[in-house]
Amino acid sequence: MKLAFSTLGVPGMPLPDVLRLATAHGYHGVELRTHPEEPVHPGLGSAERAEVAAEFKGSGVEILGLAGYTRVAAPGDDEPVLAEIRTLLDLARDLGAPYIRVFPGGDLDVQTPEEADATAARRLGTAAEYANDLGVRILLETHDSHRTAADAMRVLGLVGHRQVGALWDVMHTWLGGEQPSETYAALSPHLGYVQVKDIASADDTTPLPLGAGVLPLAECVEILSRHGWDGWLCWEYEKRWYETAPPLPDLLGAGSEHLSRLLNESA
């Protein structure tokens, strides 16, 4: 497996500094949070996009994916949601990123679960054809209204397209009461990559160094290894939402060592 970290952990950091951190601490890739407050976002022009792609290529670090914020199950008209997905897919193509991340984002106060599932599946099925043309894969994260693999599979089963897969966020499936073995069994045919993190408890999700909290990271890595899965583990340290959390750059070295140790123990 290859290791990456998300720029959610280093909000606003210039790209050259991000790439230096990745190379210094043994990370093979970076997941780019694509938001207007970040250096990389859909508003970049063609020359800026080419420059970003060149910086990554020159560093030897891969762009794992673009973490967007489209909520595919949200109530409302389809077209604004589809336009947002297409914009992110275009950026991924231009940067050479294999994946984009979308959220479920259903509102179960105004939708039934079946309505949320159908809305997400309809939009993802439509976007899948465009994604296929660009060679980019759309990943639905286990998050918010669909935080477990069982939830996500209700949508992915309706879509049934190879360009639409799953992003396993280990915190959300754990918070949803799902065992890692259950999550992997459900998502494995669709799995793009895995987001790892650690927290103190279900009531305190402030980010912690990997291995310092309660999430079953060792069990997740062991299950992935046992089944021969050779994709990406991406550390999503949510510094942007928890300003008092320790700075990620100080933790990256120990984080890669912890993940490497888990991989060696599970081999």
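The values are calculated or read from the model by the stated rules, or taken from the named source; none is laboratory data. Small disclaimer: the values here were computed from a predicted structure and weren't measured. Heads up, the Cβs are rebuilt from the backbone with ideal geometry, glycines too, and the neighbour counts pull from every protein chain shown. With ligands, DNA and RNA removed, areas are computed over all heavy atoms of the protein, side chains included. Shrake-Rupley method; radii C 1.70, N 1.55, O 1.52, S 1.80 Å.
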How large is the Kirkwood hydrodynamic radius of the chain, in angstrom, based on all distinct alpha carbon pairs? 18.6
Just to be sure I understand: with springs between alpha-carbon atoms less than 10 Å apart, which residue in GLU182, GLU79, GLU219 has the highest mean-square fluctuation in the Gaussian network model of the chain? GLU79
Got a number for carbon plus sulfur as a percent of segment 188-267's accessible area, 1.4 Å probe? 48
Putting +1 on Lys and Arg Cβ atoms and -1 on Asp and Glu Cβ atoms, find which of GLY160, HIS172, THR205 reaches farthest to the positive end of the dipole of segment 131-205. GLY160
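What value, in deg cm²/dmol to 500, does the helix sum -39500 (n - 2.57) over DSSP H runs of n ≥ 4 give at 222 nm once divided by the residues of the chain?
After summing the helix terms and dividing by residue count, I get -13500 deg cm²/dmol.
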Segment 104-165: radius of gyration and largest Cα-Cα distance (Dmax), Å: 11.4, 36
Whole-number accessible area per residue in Å² for segment 140-211, which is evaluated in the context of all protein chains at 1.4 Å: 34
5 Å is the cut-off here: which amide hydrogens, built 1.01 Å from N in the peptide plane, fall below it relative to ALA67, excluding neighbours closer than 5 in sequence? LEU32, ARG33, THR34, ARG101
Suppose we keep just the DSSP beta bridges with both residues in the chain; what percent of those would be antiparallel, to 5? 5
Calculate the FRET efficiency for ASP17 and ARG162 from the Cβ-Cβ distance with a Förster distance of 30 Å, rounded to the nearest 0.05. 0.25
At what distance in angstrom do the alpha carbon centres of segment 172-236 and segment 1-73 lie from each other? 22
Got a sec? Which residues in segment 1-45 would a label at ALA54 touch, if it sits 7 Å along Cα→Cβ and we count backbone N under 19 Å? 14-20, 39-41, 44-45
Rounded to one decimal in nm, the spacing of the 7 Å Cα→Cβ label points at ASN132 and ALA254 is 4.8
Given segment 46-124, what whole percent of its Cα pairs are spread farther than 16 Å? 56
Percent accessible area from carbon and sulfur atoms, segment 1-124, protein chains only, probe 1.4 Å: 54
Per residue, how large is the accessible surface of segment 15-78? Use a 1.4 angstrom probe and give square angstrom. 43
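Semi-axes, largest first, in whole Å: what does sqrt of 5 times each Cα gyration tensor eigenvalue give for segment 47-182?
Largest first, segment 47-182 gives 27, 18, 12 Å.
When each pair of different Cα atoms in segment 183-249 is counted once in the 1/r mean, what is the Kirkwood radius in angstroms, to one decimal?
Across segment 183-249, the inverse of the average 1/r is 13.1 Å.
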Straight-distance crosslink candidates among lysines, where the alpha carbon sits under 18 Å from LYS197 and sequence neighbours closer than 8 are dropped: LYS2, LYS239
Highest GNM mean-square fluctuation among THR148, THR205, THR183, for the chain with Cα springs under 10 Å, belongs to THR205
Quarter of Cα convex hull surface for segment 139-267, i.e. mean projection, nm²: 7.8
